[in-house]
């Protein structure tokens, strides 16, 4: 959540409050989640908001004998005419409308319909949201009901491009996670290998020292123990599979390890 304490401290100091964009985005989506819980049917709520902003759109009309349209219910007409409409309704509008659909879309819906004869209200709402911040209109029946029109081809092209970019971003993120997991596994195996090598070297040195001590008290047994040495190419002491190092040669009287097998 955004820290209101930091904002108050900045205000007292006469400085603008520093708020991160991530915090603002998170707050907007938290408010949208809360509004969604209160308004579970987004389409019905959008229709209600539209009727509140433009009550005259719900006037019942009849077709006269001469083909003209007229208001069917004069009482309804008088009630609608006396009601606020357009931007005049924004101050008393249910706050869930802005929380759920974004200020840009709600304010665009309040602009008179004649304005949109040559312009797209969806493009305008999206541009406003990107310029001023806030929720952008999405491709959903609820936004169609709120804005009172279908999106234009440019909107659909933009959504398709954004969807492709999101899929690519998810693919890159998944690849990064796999690379990180592989690198972590390689690091773990390398550490295990180094630990095993260190343990092997320590064991080899301890074994060599033990054979030396054994040779001082029981040379015959020490010779047999040395003959069962590990088959590594070169042990820590310098012995190989067929040849003793100088230290062991001094103990056993030969560099030829094959003598131990006879």
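What follows draws every value from the coordinates through simple rules; no lab data is involved. As the structure is a computational prediction, the values presented were derived from the model and not from experiment. So basically every Cβ, Gly included, is an ideal-geometry build from the backbone, and we count neighbours across all protein chains shown.
Quick look at the values:
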{"quantity": "Alpha-carbon Rg/Rh ratio, for the range 148-199, with Rh computed the Kirkwood way", "calculated": "1.53"}
{"quantity": "Distance between modelled label sites at residue 48 and residue 164, nm, 7 Å Cα→Cβ extension", "calculated": "4.0"}
{"quantity": "126, 96, 23 arranged by Cβ crowding within 10 Å, fewest neighbours leading", "calculated": "23, 96, 126"}
{"quantity": "Among 34-46, 163-175, 100-112, 143-155, the order from most to least packed when residues are scored by Cβ within 10 Å on average", "calculated": "100-112, 143-155, 34-46, 163-175"}
{"quantity": "Exposure proxy ranking, count of Cβ atoms within 10 Å, fewest first, for 245, 239", "calculated": "245, 239"}
{"quantity": "Residue exposure sequence - 25, 242 - by fewest surrounding Cβ within 10 Å", "calculated": "242, 25"}
